[in-house]
Structure formats: structure tokens, C-alpha cells
Amino acid sequence: MTKLLIVETSARGERSVSRAMTQRFLTHWRARHPVGAIVRRDLAAAPPPFVDGEWLRAYLTPPPQQDAAMRQALALSDTLVAELQDADHLVLATPVYNYNVPAALKSWIDHIVRKGLTLGLDGAPLLLGKRATLLMASGGSYGKGSPIRERDIATQYLRLILGVIGITDVTVVAGGGAKAVDLGERSMDDFLASLDGELGRRGR
């Protein structure tokens, strides 16, 4: 049975373009995987805390030497890692803020890049054989020929960090120009229709 992990980040609820992209993606995915399992992690509803000194102290302590407080400090991180380890296909659905990912998604990444769990102690990637789909909603368009193409930091960063932990089969559905929906120049349905072919191919 295929297991899908969806990580969403937008705080905009029903007005969110990235969340609407997720729903359209899921329509295609469920048609192909009627008995597939889906786990959803909403980082806007429950943002992971930023990594702090207490977390780092626990992380840098070998597990046999960790006390109860250290294990508690790592408990959420352990859960997030387990969700990712258990998934066959990861979907990251996110808006782009100032050319990069929202803080909650960066915090999630800091919790799941863990030596001994998603990386070997030598830094070798451990999450091999998984797929990832990035559903990116951005005000600007960064496609071929765009004068701001080099500013597409968010996509580059996510590809990089996923590759570090071993997920190299990464595809991107770029929802560029999403500000047209916010400005009322395009309807959400019209915007999603323009991406439907890509969302259908990625939802296999």
C-alpha cells in the first residue's frame, strides 16, 4: 500500500492557493491509489518550535546518555521523522515568502534532518527510494525566460535539502503568478485548471 505524507504550510485556509493545489493533486492521487494511506501534517495549525539550545543539547547527546528531559525535547522531532520514514511519497505544499519558504517549513526541515535517522553519522543520506512533489504557490513566476528566474530560492533550497537526506526523485508543480488570484484577476478554478495537467501527472 502506497503511503503519502502531505506537509502544508499556508496560514490562509480556504484562500490558500497551495492548499487548493493540494486538493487538486489529491483528486488525481486518490483515483490512482484508492486504498493508499494519507498522513497530513499542517504546519500552520501546529508549527514546530524553532530549534533552540535545549533541543541542540539533546540532539548532540548520544541516545544512551539522554535523560528524560532530552528525550522529551526531541519527541516531536522523532514523530516528524517517523512520518517521513514511513512515507513512500512526500508532498510539500507551500507558498513562497520573499523568495523562500515560510518559517514553519524551515523549522520542520530542521527537525527532520537528523544524523542517525535521516542521515548516517557520516552524513550519508538514508531516505533512499522515496519520491517528493513540491506544490509551490508564488506571486511571481520563475519559469524559463522569467527576468527573476534566479530568485527562485525556495525551489532550489527544497531540492537541495531533500537530496541531502536521500530524496532525489523530486518534481515541482510551479504555481507562479498566484497573485492574480488574490487580486481577483483570475478565479481559483481557472488558475488550478492551468495546472491540472501537471498535478495529474504528479499525482500518479
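Okay, residues lined up against (1) in contact with a strand residue (DSSP E or B) (Cβ under 8 Å, 6 or more places away or on another chain); (2) at pLDDT 95 or above; (3) among the charged types (D, E, K, R); (4) over 15 Å from Val101 (Cα atoms):
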site: Glu150; (1), (2), (3), (4): no, no, yes, yes
site: Arg159; (1), (2), (3), (4): yes, yes, yes, no
site: Gly163; (1), (2), (3), (4): yes, yes, no, yes
site: Gly184; (1), (2), (3), (4): no, no, no, yes
site: Asp196; (1), (2), (3), (4): no, no, yes, yes
(message) Show me the helices (runs of 4 or more DSSP H) found entirely inside the stretch 118-204 where at least 3 residues are buried (at least 20 other Cβ atoms within 10 Å of the Cβ).
(response) 153-164, 188-202
(message) I'd like the full set of residues that are crowded, with 16+ Cβ neighbours inside 10 Å, in a loop (DSSP other than H, G, I, E, B), modelled with pLDDT of 95 or more and of a type outside the set (A, V, I, L, M), limited to the stretch 32-59.
(response) Pro47, Pro48
(request) Count, please, the residues in the stretch 69-84 that happen to be polar (S, T, N, Q) and either touching a Phe, Trp or Tyr at 6+ places or on another chain (Cβ under 7 Å) or over 14 Å from Val7 (Cα atoms) (or both). (result) 2
(request) Could you please let me know if Arg15 is within 17 Å of Ala178 (Cβ to Cβ) and either surrounded by fewer than 16 Cβ atoms within 10 Å (Cβ to Cβ) or without any contact (Cβ under 8 Å) to a residue 12 or more places away in the chain (or both)? (result) yes
(message) When the residues of the stretch 120-139 are narrowed to those that are closer than 21 Å to Met188 by Cα and not hydroxyl-bearing (Ser, Thr, Tyr), which ends up modelled with the lowest pLDDT?
(response) Gly139
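The values are calculated or read from the model by the stated rules, or taken from the named source; none is laboratory data. On a predicted model such as this, the values are computed, not experimentally measured, just so you know. Note: ideal-geometry Cβ built from the backbone for every residue, glycine included; neighbour counts use all protein chains shown.
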